[in-house]
Amino acid sequence: MSSVKSSADKNIVDRSRVRRNPEMARAVKATRDRLQTDGKRSAQYDRELMAIYVSSAVQGAAAMPVLVLLTAAVSIAFFHSQNVITWMVATLLGYAAMAYIAKRASHHKLTFESAKRLEKQFIAVHALTGFGWAIFAFQPCALCTGMDYAFFKGVVLLVAMAVTAMSSFTLRRLPLLAFSTPIIVFYLAGSPPSSPFQISILAMLIATLVFFVFVSGRLYSANLIMLSVQAEKDWLITELEMANSTSDEARRRAEEANLAKSRFLASMSHELRTPLNAILGFSEVMKNEVLGPLENDTYREYVSDIYRSGDHLLHLINEILDLSRIEAGRYALNEEPVSMRNIAEDCIAMVEMKAQNKDINIVSQFERVLPLVWADERSIRQVILNLLSNAVKFTPPKGTVTLKVGWTAGGGQYVSIKDDGPGIPEDEIPVVLSAFGQGSIAIKSAEQGTGLGLPIVQAILAEHGGEFVLKSKLREGTEATAVLPRNRVLVDAPSIETPDPAKQKRRSFA
(Lines give C-alpha, C1' and ligand atoms only; values in the text may rest on other atoms or scores of the structure.)
Protein backbone atom coordinates (compact mmCIF):
# COMPACT_ATOMS: atom_id res chain seq x y z
CA MET A 1 0.00 0.00 0.00
CA SER A 2 1.55 3.27 -1.09
CA SER A 3 1.43 6.22 1.23
CA VAL A 4 0.51 9.70 0.07
CA LYS A 5 2.85 12.47 1.16
CA SER A 6 1.34 15.53 2.74
CA SER A 7 1.84 19.00 1.30
CA ALA A 8 4.08 19.89 4.23
CA ASP A 9 6.51 17.18 3.16
CA LYS A 10 6.96 18.93 -0.16
CA ASN A 11 8.58 21.87 1.57
CA ILE A 12 11.34 19.70 3.02
CA VAL A 13 14.54 19.45 0.99
CA ASP A 14 14.93 15.96 -0.43
CA ARG A 15 18.64 15.22 -0.64
CA SER A 16 17.95 12.11 -2.66
CA ARG A 17 17.10 14.33 -5.62
CA VAL A 18 20.80 14.96 -6.06
CA ARG A 19 21.17 11.27 -6.89
CA ARG A 20 19.28 11.96 -10.09
CA ASN A 21 22.61 13.08 -11.55
CA PRO A 22 24.38 9.70 -11.85
CA GLU A 23 27.44 11.10 -13.59
CA MET A 24 28.17 13.41 -10.66
CA ALA A 25 27.66 10.62 -8.12
CA ARG A 26 29.99 8.31 -10.04
CA ALA A 27 32.62 11.04 -10.28
CA VAL A 28 32.48 11.62 -6.53
CA LYS A 29 32.84 7.89 -5.83
CA ALA A 30 35.77 7.53 -8.23
CA THR A 31 37.66 10.52 -6.83
CA ARG A 32 37.08 9.33 -3.27
CA ASP A 33 38.50 5.92 -4.20
CA ARG A 34 41.57 7.60 -5.64
CA LEU A 35 42.09 9.79 -2.58
CA GLN A 36 41.93 6.79 -0.25
CA THR A 37 45.25 5.51 -1.66
CA ASP A 38 47.19 8.38 0.07
CA GLY A 39 49.50 8.87 -2.92
CA LYS A 40 50.16 5.15 -3.49
CA ARG A 41 49.61 3.45 -6.81
CA SER A 42 45.98 2.48 -7.38
CA ALA A 43 43.92 0.94 -10.13
CA GLN A 44 42.69 4.36 -11.22
CA TYR A 45 46.24 5.70 -11.37
CA ASP A 46 47.37 2.66 -13.39
CA ARG A 47 44.71 3.45 -15.95
CA GLU A 48 45.65 7.12 -16.14
CA LEU A 49 49.39 6.38 -16.28
CA MET A 50 48.75 3.96 -19.11
CA ALA A 51 46.67 6.60 -20.89
CA ILE A 52 49.62 9.01 -20.61
CA TYR A 53 51.98 6.41 -22.03
CA VAL A 54 49.63 5.53 -24.91
CA SER A 55 49.32 9.21 -25.83
CA SER A 56 53.09 9.66 -25.68
CA ALA A 57 53.66 6.51 -27.74
CA VAL A 58 51.23 7.64 -30.44
CA GLN A 59 52.68 11.15 -30.69
CA GLY A 60 56.32 9.98 -30.66
CA ALA A 61 55.88 6.85 -32.75
CA ALA A 62 58.27 8.09 -35.45
CA ALA A 63 61.18 9.05 -33.14
CA MET A 64 62.79 5.64 -32.65
CA PRO A 65 62.26 4.43 -36.25
CA VAL A 66 64.01 7.58 -37.47
CA LEU A 67 66.92 6.85 -35.10
CA VAL A 68 67.11 3.27 -36.38
CA LEU A 69 67.12 4.42 -40.01
CA LEU A 70 69.80 7.05 -39.38
CA THR A 71 71.91 4.52 -37.49
CA ALA A 72 71.64 2.02 -40.32
CA ALA A 73 72.46 4.66 -42.93
CA VAL A 74 75.57 5.85 -41.07
CA SER A 75 76.72 2.30 -40.46
CA ILE A 76 76.44 1.44 -44.14
CA ALA A 77 77.83 4.72 -45.48
CA PHE A 78 80.79 5.21 -43.14
CA PHE A 79 81.55 1.82 -41.67
CA HIS A 80 80.44 -0.44 -44.57
CA SER A 81 78.53 -2.70 -42.22
CA GLN A 82 75.96 -4.55 -44.31
CA ASN A 83 74.81 -6.71 -41.42
CA VAL A 84 72.82 -3.83 -39.92
CA ILE A 85 70.11 -4.21 -42.57
CA THR A 86 68.77 -7.33 -40.89
CA TRP A 87 68.91 -5.62 -37.51
CA MET A 88 67.18 -2.54 -38.95
CA VAL A 89 64.26 -4.54 -40.35
CA ALA A 90 63.75 -6.54 -37.15
CA THR A 91 63.94 -3.47 -34.93
CA LEU A 92 61.58 -1.46 -37.14
CA LEU A 93 59.06 -4.29 -36.96
CA GLY A 94 59.27 -4.16 -33.16
CA TYR A 95 58.62 -0.41 -33.06
CA ALA A 96 55.86 -0.80 -35.66
CA ALA A 97 54.17 -3.36 -33.41
CA MET A 98 54.48 -0.94 -30.49
CA ALA A 99 52.93 1.89 -32.52
CA TYR A 100 50.12 -0.38 -33.68
CA ILE A 101 49.26 -1.45 -30.12
CA ALA A 102 49.32 2.17 -28.91
CA LYS A 103 47.20 3.40 -31.82
CA ARG A 104 44.61 0.70 -31.24
CA ALA A 105 44.52 1.42 -27.50
CA SER A 106 43.97 5.14 -28.12
CA HIS A 107 40.66 4.39 -29.84
CA HIS A 108 39.22 2.45 -26.91
CA LYS A 109 38.31 3.42 -23.38
CA LEU A 110 40.90 2.12 -20.95
CA THR A 111 39.77 0.00 -18.03
CA PHE A 112 41.77 -1.54 -15.19
CA GLU A 113 41.96 -4.91 -16.96
CA SER A 114 42.89 -3.42 -20.33
CA ALA A 115 45.56 -1.22 -18.69
CA LYS A 116 47.16 -4.27 -17.07
CA ARG A 117 47.04 -6.19 -20.36
CA LEU A 118 48.55 -3.28 -22.31
CA GLU A 119 51.32 -2.89 -19.74
CA LYS A 120 52.37 -6.52 -20.26
CA GLN A 121 52.22 -6.10 -24.05
CA PHE A 122 54.33 -2.94 -24.05
CA ILE A 123 56.89 -4.49 -21.70
CA ALA A 124 57.15 -7.51 -24.01
CA VAL A 125 57.59 -5.29 -27.08
CA HIS A 126 60.22 -3.17 -25.30
CA ALA A 127 62.05 -6.33 -24.31
CA LEU A 128 61.97 -7.36 -27.97
CA THR A 129 63.34 -4.01 -29.14
CA GLY A 130 65.95 -4.20 -26.37
CA PHE A 131 67.04 -7.52 -27.82
CA GLY A 132 67.29 -5.78 -31.19
CA TRP A 133 69.56 -3.08 -29.71
CA ALA A 134 71.62 -5.89 -28.20
CA ILE A 135 72.12 -7.28 -31.71
CA PHE A 136 73.24 -3.83 -32.84
CA ALA A 137 75.68 -3.61 -29.94
CA PHE A 138 77.17 -6.97 -31.00
CA GLN A 139 77.62 -5.89 -34.64
CA PRO A 140 81.25 -6.24 -35.70
CA CYS A 141 82.99 -4.03 -38.22
CA ALA A 142 85.76 -5.91 -40.07
CA LEU A 143 86.84 -2.92 -42.15
CA CYS A 144 86.88 -0.44 -39.21
CA THR A 145 90.14 0.64 -37.62
CA GLY A 146 90.50 1.96 -34.10
CA MET A 147 87.58 2.55 -31.80
CA ASP A 148 85.39 4.65 -34.12
CA TYR A 149 82.64 2.06 -34.53
CA ALA A 150 82.55 1.26 -30.80
CA PHE A 151 82.21 4.96 -30.03
CA PHE A 152 79.45 5.25 -32.62
CA LYS A 153 77.54 2.31 -31.09
CA GLY A 154 77.94 3.81 -27.62
CA VAL A 155 76.54 7.18 -28.73
CA VAL A 156 73.57 5.50 -30.48
CA LEU A 157 72.81 3.45 -27.39
CA LEU A 158 72.96 6.60 -25.24
CA VAL A 159 70.46 8.38 -27.51
CA ALA A 160 68.19 5.33 -27.60
CA MET A 161 68.24 5.08 -23.77
CA ALA A 162 67.44 8.79 -23.41
CA VAL A 163 64.49 8.67 -25.82
CA THR A 164 63.10 5.49 -24.28
CA ALA A 165 63.46 6.77 -20.69
CA MET A 166 61.74 10.09 -21.45
CA SER A 167 58.87 8.55 -23.40
CA SER A 168 58.28 5.49 -21.18
CA PHE A 169 58.70 6.79 -17.63
CA THR A 170 55.11 5.78 -16.76
CA LEU A 171 56.24 2.13 -17.10
CA ARG A 172 58.48 1.69 -14.08
CA ARG A 173 62.15 0.59 -14.59
CA LEU A 174 61.58 0.11 -18.31
CA PRO A 175 65.03 1.53 -19.31
CA LEU A 176 66.69 -1.03 -17.04
CA LEU A 177 64.68 -3.83 -18.64
CA ALA A 178 65.20 -2.69 -22.24
CA PHE A 179 68.90 -1.66 -22.20
CA SER A 180 70.60 -3.80 -19.59
CA THR A 181 70.98 -6.57 -22.20
CA PRO A 182 72.46 -4.27 -24.92
CA ILE A 183 75.05 -2.95 -22.43
CA ILE A 184 76.04 -6.47 -21.42
CA VAL A 185 76.33 -7.43 -25.09
CA PHE A 186 78.35 -4.27 -25.74
CA TYR A 187 80.71 -5.37 -22.97
CA LEU A 188 81.02 -8.86 -24.42
CA ALA A 189 81.58 -7.49 -27.91
CA GLY A 190 84.78 -5.87 -26.61
CA SER A 191 86.07 -9.38 -25.59
CA PRO A 192 86.57 -7.86 -22.89
CA PRO A 193 87.43 -4.14 -23.27
CA SER A 194 91.06 -3.55 -22.51
CA SER A 195 91.75 -0.02 -23.63
CA PRO A 196 90.81 2.96 -21.44
CA PHE A 197 88.65 4.27 -24.27
CA GLN A 198 86.50 1.14 -24.31
CA ILE A 199 86.28 1.08 -20.52
CA SER A 200 85.23 4.74 -20.43
CA ILE A 201 82.49 4.13 -23.02
CA LEU A 202 81.23 1.13 -21.04
CA ALA A 203 81.30 3.11 -17.77
CA MET A 204 79.46 5.96 -19.43
CA LEU A 205 76.74 3.59 -20.68
CA ILE A 206 76.30 2.03 -17.24
CA ALA A 207 76.21 5.45 -15.52
CA THR A 208 73.74 6.74 -18.09
CA LEU A 209 71.50 3.72 -17.59
CA VAL A 210 71.51 4.23 -13.82
CA PHE A 211 70.85 7.95 -14.26
CA PHE A 212 67.90 7.43 -16.58
CA VAL A 213 66.44 4.76 -14.31
CA PHE A 214 66.62 7.31 -11.46
CA VAL A 215 65.15 10.10 -13.62
CA SER A 216 62.31 7.93 -14.89
CA GLY A 217 61.54 6.90 -11.29
CA ARG A 218 61.39 10.53 -10.21
CA LEU A 219 59.16 11.41 -13.15
CA TYR A 220 56.92 8.49 -12.26
CA SER A 221 56.61 9.68 -8.64
CA ALA A 222 55.97 13.26 -9.79
CA ASN A 223 53.16 12.07 -12.04
CA LEU A 224 51.61 10.11 -9.19
CA ILE A 225 51.61 13.27 -7.05
CA MET A 226 50.17 15.28 -9.93
CA LEU A 227 47.40 12.74 -10.45
CA SER A 228 46.67 12.73 -6.73
CA VAL A 229 46.39 16.53 -6.68
CA GLN A 230 44.19 16.43 -9.77
CA ALA A 231 41.98 13.81 -8.13
CA GLU A 232 41.65 15.93 -5.00
CA LYS A 233 40.74 18.96 -7.10
CA ASP A 234 38.15 16.93 -9.03
CA TRP A 235 36.72 15.66 -5.76
CA LEU A 236 36.43 19.16 -4.35
CA ILE A 237 34.79 20.40 -7.54
CA THR A 238 32.24 17.58 -7.55
CA GLU A 239 31.54 18.07 -3.84
CA LEU A 240 30.98 21.77 -4.47
CA GLU A 241 28.68 20.96 -7.37
CA MET A 242 26.67 18.59 -5.21
CA ALA A 243 26.50 21.15 -2.40
CA ASN A 244 25.45 23.80 -4.91
CA SER A 245 22.82 21.46 -6.34
CA THR A 246 21.46 20.76 -2.86
CA SER A 247 21.48 24.47 -2.04
CA ASP A 248 19.68 25.35 -5.28
CA GLU A 249 17.08 22.68 -4.58
CA ALA A 250 16.57 23.96 -1.03
CA ARG A 251 16.29 27.54 -2.24
CA ARG A 252 13.84 26.57 -4.98
CA ARG A 253 11.63 24.67 -2.56
CA ALA A 254 11.79 27.49 -0.02
CA GLU A 255 10.79 30.00 -2.71
CA GLU A 256 7.96 27.75 -3.86
CA ALA A 257 6.73 27.34 -0.28
CA ASN A 258 6.95 31.07 0.39
CA LEU A 259 5.18 31.90 -2.85
CA ALA A 260 2.46 29.33 -2.10
CA LYS A 261 2.00 30.87 1.34
CA SER A 262 1.81 34.37 -0.10
CA ARG A 263 -0.70 33.31 -2.77
CA PHE A 264 -2.80 31.53 -0.19
CA LEU A 265 -2.95 34.53 2.13
CA ALA A 266 -3.58 36.91 -0.75
CA SER A 267 -6.49 34.77 -1.97
CA MET A 268 -7.90 34.37 1.57
CA SER A 269 -8.43 38.10 2.05
CA HIS A 270 -12.22 37.93 1.78
CA GLU A 271 -12.56 34.76 3.88
CA LEU A 272 -10.53 36.25 6.73
CA ARG A 273 -12.00 39.73 6.77
CA THR A 274 -15.70 38.81 6.48
CA PRO A 275 -16.08 37.15 9.90
CA LEU A 276 -13.94 39.81 11.54
CA ASN A 277 -16.11 42.57 10.13
CA ALA A 278 -19.15 40.81 11.58
CA ILE A 279 -17.45 40.50 14.97
CA LEU A 280 -16.42 44.15 14.95
CA GLY A 281 -19.81 45.36 13.76
CA PHE A 282 -21.92 43.43 16.25
CA SER A 283 -19.54 44.10 19.16
CA GLU A 284 -19.60 47.83 18.35
CA VAL A 285 -23.40 47.80 18.30
CA MET A 286 -23.41 46.08 21.68
CA LYS A 287 -20.70 48.35 23.09
CA ASN A 288 -22.58 51.48 22.07
CA GLU A 289 -25.85 49.92 23.33
CA VAL A 290 -27.66 50.76 20.11
CA LEU A 291 -30.42 48.18 20.63
CA GLY A 292 -30.71 48.73 24.33
CA PRO A 293 -28.65 49.00 27.48
CA LEU A 294 -26.53 46.21 28.87
CA GLU A 295 -27.54 45.74 32.49
CA ASN A 296 -24.44 43.80 33.48
CA ASP A 297 -21.19 45.79 33.69
CA THR A 298 -19.14 42.64 33.15
CA TYR A 299 -20.89 42.03 29.82
CA ARG A 300 -20.16 45.61 28.80
CA GLU A 301 -16.48 45.10 29.63
CA TYR A 302 -16.42 41.81 27.72
CA VAL A 303 -17.89 43.49 24.64
CA SER A 304 -15.23 46.21 24.76
CA ASP A 305 -12.52 43.55 24.98
CA ILE A 306 -14.03 41.69 22.03
CA TYR A 307 -14.05 44.88 19.94
CA ARG A 308 -10.44 45.81 20.80
CA SER A 309 -9.22 42.27 20.15
CA GLY A 310 -11.07 42.07 16.83
CA ASP A 311 -9.74 45.45 15.75
CA HIS A 312 -6.20 44.41 16.61
CA LEU A 313 -6.63 41.10 14.77
CA LEU A 314 -8.04 42.85 11.69
CA HIS A 315 -5.10 45.25 11.69
CA LEU A 316 -2.71 42.30 11.90
CA ILE A 317 -4.47 40.44 9.08
CA ASN A 318 -4.43 43.53 6.89
CA GLU A 319 -0.67 43.90 7.34
CA ILE A 320 -0.05 40.22 6.66
CA LEU A 321 -2.20 40.33 3.54
CA ASP A 322 -0.49 43.49 2.30
CA LEU A 323 2.94 41.89 2.69
CA SER A 324 1.72 38.65 1.12
CA ARG A 325 0.29 40.44 -1.89
CA ILE A 326 3.57 42.26 -2.41
CA GLU A 327 5.56 39.01 -2.18
CA ALA A 328 3.13 37.25 -4.52
CA GLY A 329 3.39 40.10 -7.05
CA ARG A 330 -0.30 41.00 -6.71
CA TYR A 331 0.18 44.40 -5.13
CA ALA A 332 -1.06 46.74 -7.84
CA LEU A 333 -0.14 50.41 -7.52
CA ASN A 334 -2.89 52.92 -8.26
CA GLU A 335 -0.50 55.68 -9.31
CA GLU A 336 -1.50 59.30 -9.63
CA PRO A 337 -0.01 62.75 -8.90
CA VAL A 338 0.10 63.16 -5.10
CA SER A 339 1.61 65.65 -2.69
CA MET A 340 4.01 64.23 -0.12
CA ARG A 341 3.46 67.30 2.06
CA ASN A 342 -0.33 66.93 2.15
CA ILE A 343 -0.08 63.22 2.96
CA ALA A 344 2.38 63.95 5.78
CA GLU A 345 0.03 66.59 7.25
CA ASP A 346 -2.89 64.12 7.15
CA CYS A 347 -0.81 61.48 8.95
CA ILE A 348 0.19 63.99 11.64
CA ALA A 349 -3.49 64.74 12.23
CA MET A 350 -4.26 61.02 12.56
CA VAL A 351 -1.66 60.36 15.29
CA GLU A 352 -1.87 63.76 16.98
CA MET A 353 -4.37 62.64 19.62
CA LYS A 354 -2.20 59.67 20.62
CA ALA A 355 0.83 61.95 20.79
CA GLN A 356 -1.02 64.44 23.00
CA ASN A 357 -1.97 61.64 25.39
CA LYS A 358 1.75 60.95 25.89
CA ASP A 359 2.64 64.68 25.88
CA ILE A 360 4.76 64.22 22.74
CA ASN A 361 5.47 67.20 20.51
CA ILE A 362 5.37 66.55 16.72
CA VAL A 363 7.50 69.08 14.80
CA SER A 364 7.02 69.35 11.03
CA GLN A 365 9.66 70.78 8.68
CA PHE A 366 8.62 70.98 5.03
CA GLU A 367 10.34 72.44 2.02
CA ARG A 368 8.59 75.47 0.57
CA VAL A 369 8.36 74.28 -3.01
CA LEU A 370 7.65 70.59 -3.45
CA PRO A 371 6.17 69.41 -6.76
CA LEU A 372 3.84 66.45 -6.95
CA VAL A 373 5.13 62.90 -7.21
CA TRP A 374 3.80 60.01 -9.27
CA ALA A 375 2.87 57.40 -6.66
CA ASP A 376 0.10 55.39 -5.02
CA GLU A 377 -1.47 57.72 -2.45
CA ARG A 378 -2.79 54.94 -0.20
CA SER A 379 0.60 53.21 -0.13
CA ILE A 380 2.56 56.40 0.60
CA ARG A 381 0.06 57.26 3.33
CA GLN A 382 0.60 53.80 4.83
CA VAL A 383 4.39 54.27 4.73
CA ILE A 384 4.32 57.63 6.53
CA LEU A 385 1.65 56.51 8.99
CA ASN A 386 3.59 53.35 9.91
CA LEU A 387 6.80 55.29 10.51
CA LEU A 388 5.05 58.08 12.43
CA SER A 389 3.10 55.62 14.58
CA ASN A 390 6.31 53.75 15.46
CA ALA A 391 8.01 57.01 16.42
CA VAL A 392 5.11 58.05 18.69
CA LYS A 393 4.89 54.55 20.15
CA PHE A 394 8.53 54.36 21.25
CA THR A 395 9.09 58.00 22.18
CA PRO A 396 8.94 58.56 25.94
CA PRO A 397 6.50 61.11 27.42
CA LYS A 398 7.42 64.76 26.83
CA GLY A 399 9.58 63.70 23.92
CA THR A 400 9.81 65.13 20.40
CA VAL A 401 9.13 63.62 16.98
CA THR A 402 10.42 65.52 13.94
CA LEU A 403 8.91 64.94 10.51
CA LYS A 404 10.72 66.34 7.47
CA VAL A 405 9.72 66.38 3.81
CA GLY A 406 12.20 67.67 1.26
CA TRP A 407 14.51 67.17 -1.67
CA THR A 408 17.22 64.52 -1.94
CA ALA A 409 20.63 65.26 -3.41
CA GLY A 410 19.72 63.25 -6.51
CA GLY A 411 16.56 65.25 -7.25
CA GLY A 412 14.05 62.93 -5.57
CA GLN A 413 11.91 63.55 -2.49
CA TYR A 414 12.15 62.09 0.99
CA VAL A 415 10.18 61.82 4.21
CA SER A 416 12.26 61.63 7.37
CA ILE A 417 10.82 60.87 10.82
CA LYS A 418 13.17 61.21 13.78
CA ASP A 419 12.46 60.56 17.45
CA ASP A 420 14.43 60.87 20.68
CA GLY A 421 13.39 57.47 22.00
CA PRO A 422 15.55 54.65 23.37
CA GLY A 423 16.92 53.75 19.92
CA ILE A 424 17.77 50.37 18.45
CA PRO A 425 21.05 48.47 18.98
CA GLU A 426 23.04 48.28 15.77
CA ASP A 427 23.02 44.49 15.68
CA GLU A 428 19.20 44.43 15.96
CA ILE A 429 18.49 46.62 12.92
CA PRO A 430 18.39 43.62 10.52
CA VAL A 431 16.00 41.92 12.96
CA VAL A 432 13.50 44.76 13.05
CA LEU A 433 13.63 45.02 9.25
CA SER A 434 12.65 41.35 8.87
CA ALA A 435 9.08 40.08 8.89
CA PHE A 436 7.66 39.68 12.44
CA GLY A 437 10.98 40.90 13.86
CA GLN A 438 10.96 42.99 17.04
CA GLY A 439 13.86 44.53 18.91
CA SER A 440 14.67 43.97 22.55
CA ILE A 441 13.41 47.46 23.47
CA ALA A 442 9.95 46.69 22.05
CA ILE A 443 9.82 43.35 23.85
CA LYS A 444 10.84 44.82 27.20
CA SER A 445 8.43 47.73 26.93
CA ALA A 446 5.59 45.32 26.04
CA GLU A 447 4.52 47.56 23.16
CA GLN A 448 1.93 45.87 20.98
CA GLY A 449 3.06 45.30 17.43
CA THR A 450 3.14 42.71 14.69
CA GLY A 451 6.67 43.32 13.47
CA LEU A 452 5.36 43.89 9.93
CA GLY A 453 5.31 47.67 9.73
CA LEU A 454 8.89 48.23 8.59
CA PRO A 455 8.96 45.25 6.16
CA ILE A 456 5.80 46.62 4.53
CA VAL A 457 7.42 50.06 4.29
CA GLN A 458 10.44 48.50 2.60
CA ALA A 459 8.29 46.52 0.18
CA ILE A 460 6.10 49.49 -0.78
CA LEU A 461 9.10 51.72 -1.42
CA ALA A 462 10.71 48.96 -3.48
CA GLU A 463 7.53 48.79 -5.60
CA HIS A 464 7.97 52.53 -6.23
CA GLY A 465 11.66 52.13 -7.05
CA GLY A 466 12.67 53.94 -3.86
CA GLU A 467 14.58 52.91 -0.77
CA PHE A 468 14.24 52.86 2.99
CA VAL A 469 17.06 53.92 5.32
CA LEU A 470 16.96 53.24 9.06
CA LYS A 471 19.55 54.86 11.32
CA SER A 472 19.53 54.45 15.08
CA LYS A 473 21.79 54.78 18.09
CA LEU A 474 21.12 53.33 21.47
CA ARG A 475 19.73 55.92 23.95
CA GLU A 476 19.90 58.64 21.26
CA GLY A 477 16.88 57.94 19.06
CA THR A 478 15.97 56.61 15.64
CA GLU A 479 15.63 58.22 12.21
CA ALA A 480 13.65 56.49 9.46
CA THR A 481 13.85 57.90 5.93
CA ALA A 482 11.65 56.95 2.97
CA VAL A 483 13.07 58.05 -0.38
CA LEU A 484 11.35 58.27 -3.76
CA PRO A 485 13.61 58.46 -6.83
CA ARG A 486 13.97 61.39 -9.17
CA ASN A 487 11.88 59.81 -11.93
CA ARG A 488 8.85 59.92 -9.60
CA VAL A 489 8.96 63.71 -9.25
CA LEU A 490 6.66 65.57 -11.66
CA VAL A 491 8.42 68.70 -12.87
CA ASP A 492 6.20 71.33 -14.51
CA ALA A 493 7.18 72.02 -18.09
CA PRO A 494 7.66 75.72 -19.00
CA SER A 495 4.74 77.30 -20.78
CA ILE A 496 5.05 77.86 -24.52
CA GLU A 497 4.52 81.49 -25.54
CA THR A 498 1.89 81.94 -28.27
CA PRO A 499 3.44 83.82 -31.20
CA ASP A 500 1.96 87.17 -32.23
CA PRO A 501 0.77 86.97 -35.89
CA ALA A 502 1.30 90.73 -36.38
CA LYS A 503 4.94 90.55 -35.28
CA GLN A 504 5.58 87.56 -37.48
CA LYS A 505 4.00 89.39 -40.43
CA ARG A 506 6.12 92.52 -39.92
CA ARG A 507 9.28 90.39 -39.54
CA SER A 508 8.57 88.48 -42.78
CA PHE A 509 7.78 91.72 -44.63
CA ALA A 510 11.07 93.29 -43.50
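General observations
- The set of residues in the range 285-310 being open to solvent by less than 80 Å² (accessible area, probe 1.4 Å) and not hydrophobic (A, V, I, L, M, F, W, C) consists of Lys287, Glu289, Gly292, Asn296, Thr298, Arg300, Ser304, Asp305, Tyr307, Ser309, Gly310.
- Contacts under 6 angstrom Cβ, first residue in the range 279-305 being without any contact (Cβ under 8 Å) to a residue 24 or more places away in the chain, partner open to solvent by less than 60 Å² (accessible area, probe 1.4 Å) and assigned to a loop (DSSP other than H, G, I, E, B), 6 or more apart: Arg300/Leu294
- Residues (within 29 Å of Pro425 (Cα to Cα) and either at pLDDT 90 or above or open to solvent by less than 90 Å² (accessible area, probe 1.4 Å) (or both)) located in the range 472-510: Ser472, Leu474, Gly477, Thr478, Glu479, Ala480, Thr481, Ala482, Val483, Leu484, Pro485
This table checks each residue for (1) at pLDDT 90 or above; (2) surrounded by fewer than 18 Cβ atoms within 10 Å (Cβ to Cβ); (3) in contact with a strand residue (DSSP E or B) (Cβ under 6 Å, 6 or more places away or on another chain); (4) within 20 Å of Val489 (Cβ to Cβ).
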residue: Val373; (1), (2), (3), (4): yes, no, yes, yes
residue: Asp376; (1), (2), (3), (4): no, no, yes, yes
residue: Thr395; (1), (2), (3), (4): no, no, yes, no
residue: Thr402; (1), (2), (3), (4): yes, yes, yes, no
residue: Trp407; (1), (2), (3), (4): yes, yes, no, yes
residue: Gly411; (1), (2), (3), (4): no, yes, no, yes
residue: Ser416; (1), (2), (3), (4): yes, no, yes, yes
residue: Glu426; (1), (2), (3), (4): no, yes, no, no
residue: Pro430; (1), (2), (3), (4): no, yes, no, no
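- Matching entry among Ile384, Ile343, Ile360 (being under 42 Å from the mean Cα position of the chain (by Cα) and of a type outside the set (S, T, N, Q)): Ile384
- Selection from the range 105-119 of residues that are of a type in the set (Lys, Arg) and modelled with pLDDT under 85: Lys109, Lys116
- Lys418 being touching an Asp or Glu at 6+ places or on another chain (Cβ under 6 Å) and closer than 27 Å to Ala435 by Cα: yes
- Long-range neighbours under 8 Å by Cβ, at least six apart or interchain, first residue closer than 14 Å to Ala51 by Cβ and assigned to a loop (DSSP other than H, G, I, E, B) within the range 101-117, second of a type outside the set (D, E, K, R) and open to solvent by less than 100 Å² (accessible area, probe 1.4 Å): His108/Ser114; Leu110/Met50; Leu110/Ala51; Leu110/Val54; Leu110/Leu118
- Val338 meets the conditions (1) open to solvent by less than 30 Å² (accessible area, probe 1.4 Å); (2) at pLDDT below 85; (3) under 30 Å from Lys404 (Cβ atoms) in every case but one. The failed one is (2).
- Test: residue in the range 242-259 that is open to solvent by 50 Å² or more (accessible area, probe 1.4 Å) and over 52 Å from the mean Cα position of the chain (by Cα): no
Yes/no per residue for (1) closer than 12 Å to Phe136 by Cβ; (2) of a type in the set (Ser, Thr, Tyr); (3) modelled with pLDDT of 85 or more:
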| site | (1), (2), (3) |
| --- | --- |
| Gly60 | no, no, no |
| Val66 | no, no, yes |
| Leu69 | no, no, yes |
| Gln82 | no, no, no |
| Met88 | yes, no, yes |
| Thr91 | yes, yes, yes |
| Lys103 | no, no, yes |
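- Single condition Arg26 does not satisfy, out of (1) modelled with pLDDT of 55 or more; (2) closer than 23 Å to Ser167 by Cα: (2)
- Scanning the range 61-82 for residues that are open to solvent by 30 Å² or more (accessible area, probe 1.4 Å), assigned to a helix (DSSP H, G or I) and among the small types (Gly, Ala, Ser) returns Ala63, Ala73, Ala77.
- Residue in the range 361-371 that is open to solvent by 50 Å² or more (accessible area, probe 1.4 Å), in contact with a strand residue (DSSP E or B) (Cβ under 9 Å, 6 or more places away or on another chain) and either assigned to a helix (DSSP H, G or I) or of a type in the set (Lys, Arg) (or both) present: no
- Of all residues in the range 274-284, those satisfying the criterion of being closer than 12 Å to Ser309 by Cα and open to solvent by less than 40 Å² (accessible area, probe 1.4 Å) are Leu276, Leu280, Ser283.
The values are calculated or read from the model by the stated rules, or taken from the named source; none is laboratory data. These figures come from a predicted structure and were not determined experimentally. All Cβ positions, glycine included, derive from the backbone under ideal geometry; neighbour counts span all protein chains shown. All accessible areas refer to the heavy atoms of the entire protein, side chains included, with ligands and DNA or RNA removed. Shrake-Rupley method; radii C 1.70, N 1.55, O 1.52, S 1.80 Å.
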